[in-house]
Amino acid sequence: MCLGCLFLQIYHALHFMFNLILFGPPGSGKGTQSANLLSKYKLQHISTGDLLRDEVSRKTPLGLEAKKSMDEGALVPDEVVIGMISSKIDENPSVRGFIFDGFPRTKQQAIALDQLLDAKKAPINLVLALEVPDVELTKRILNRALTSGRADDTEEVIKKRVEEYRAKTEVVASYYEEANKVKRINGEGSVEEIFALLTAEIDPIILPE
Ligand code: B4P
């Protein structure tokens, strides 16, 4: 084993937690790539989209509140999402790190996440921002609509989701850029090609399990 790899292993064993944000517009492949990254790095996955859809399907009070926004392609209110994330972090005290997929989606969510992680002395290490043109996003999501049955995968709702992204979410990348944590990744190409670009950014920081 190389000296650098040995150093990384000792460092991780002592105290390193790796926290990654997978960032990008709706349909950019955050969920798709998270699944592959999880199996390589053994991190805890937190997808606010999945958590919200679970609440909706169980018809919980939170789910009933979130459903209206989701069906319209609007963002769910910050306080709802931040509360959900906070419990999820607390439920997983001894993980190697988290992949945040689809969160934060507003600057307020980003500030709240930084505060939650500061308390654990385990900040965000890296933000990987997938970049995909709008035409390709719409094509992918309409394609997903054929199999997923998601209520928010219609042309009209996709347009609204992309507008929400441009108006409220894009600013999150600038927020983390100020801390020099953002790497922009070309999100067009095969799933394997994009995975290789993502892992090339992660590998120098954390070893696969
Ligand atoms: P999400 O569940 O996060 O949905 P998404 O942005 O559409 O999905 P993603 O980018 O993960 O795309 P995927 O990999 O599936 O959010 C849904 C809704 O929940 C939001 O609109 C909002 O209302 C609410 N919400 C969630 N988080 C919130 C928050 N923090 N605050 C407020 N509200 C929140 O890829 C899409 C499709 O492309 C798939 O079919 C996939 O197979 C395909 N694909 C992936 N990579 C490809 C590639 N390289 N080439 C071709 N196709 C590809």
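The values are calculated or read from the model by the stated rules, or taken from the named source; none is laboratory data. Keep in mind that what you see is a predicted model, and the values were worked out from it rather than measured. As a convention, Cβ positions derive from the backbone with ideal geometry for all residues, glycine included, and neighbour counts pool all protein chains shown. Each accessible area value is taken on the protein alone, full model and side chains, heavy atoms only, with ligands, DNA and RNA left out. Shrake-Rupley method; radii C 1.70, N 1.55, O 1.52, S 1.80 Å.
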Quiz item: In deg cm²/dmol, rounded to 500, what helix-only [θ] at 222 nm does the chain give when every DSSP H run of at least 4 residues adds -39500 (n - 2.57) and the total is split over its residues?
Solution: -17500 deg cm²/dmol
Self-check item: Surface per residue (accessible, 1.4 Å probe) for the chain, Å²
Solution: 52 Å²
Quiz item: Which whole-percent values make up P(r) of the chain when all C-alpha to C-alpha distances are grouped in 10 Å steps starting at zero?
Solution: 8, 34, 38, 17, 4, 0
Quiz prompt | Surrounding net charge for residue 102, when Lys and Arg each add one and Asp and Glu each subtract one, Cβ distance under 10 Å | solution = 0
Quiz item: Can you give the % of DSSP beta bridges in the chain that are antiparallel, to the nearest 5?
Solution: 0 percent
Quiz item: Pick from 85, 99, 111: which residue has the top mean-square fluctuation in a GNM of the chain where Cα pairs under 10 Å get a spring?
Solution: 111
Quiz item: Using a Gaussian network for the chain with springs between C-alpha atoms less than 10 Å apart, which of these wobbles most: 61, 26, 104?
Solution: 61
Quiz prompt | For the range 134-192, alpha-carbon Rg over 2.2 N^0.38 Å | solution = 1.36
Quiz item: What is the calculated FRET efficiency for residue 16 to residue 87, with r their C-beta to C-beta distance and R₀ = 30 Å, to the nearest 0.05?
Solution: 0.80
Quiz item: Can you pull out the trypsin sites (Lys or Arg not before Pro) in the range 106-209 that DSSP calls coil and that have at most 11 other Cβ atoms within 10 Å?
Solution: 121
Self-check item: Dmax and Rg, reported as Rg then Dmax, of the range 45-136 (C-alpha, Å)
Solution: 14.0, 41
Quiz item: Against the longest principal axis of the chain, how steep is helix 155-164, in degrees 0 to 90 to the nearest 10, with axes from Cα atoms?
Solution: 50 degrees
Self-check item: At R0 = 25 Å, FRET efficiency that the Cβ-Cβ distance of residue 155 and residue 50 yields, to 0.05
Solution: 0.60
Quiz item: On a 0 to 90 degree scale, rounded to 10, what angle separates helix 61-72 from the longest Cα axis of the chain?
Solution: 70 degrees
Practice problem: May I have the convex hull volume per residue, in Å³, for the Cα set of the range 107-209? | Solution: 151 Å³
Self-check item: Choice from 191, 162, 127 with maximal GNM fluctuation in the chain (Cα, 10 Å cutoff)
Solution: 191
Exercise. Work through the residues other than residue 43 whose Cβ is under 10 Å from its Cβ and net out their charges, Lys, Arg +1 and Asp, Glu -1.
Key: +2
Exercise. Report, to the nearest whole %, how much of the accessible area of the chain belongs to carbon and sulfur atoms, 1.4 Å probe, protein only.
Key: 55 percent
Self-check item: Viscosity 0.890 mPa s, 25 °C: Kirkwood-radius Stokes-Einstein D of the range 88-166 over Cα pairs, µm²/s
Solution: 162 µm²/s
Self-check item: Residue pairs, from the table 68/120; 67/107; 120/160; 42/160, whose Cα atoms sit over 32 Å apart
Solution: 68/120; 120/160; 42/160
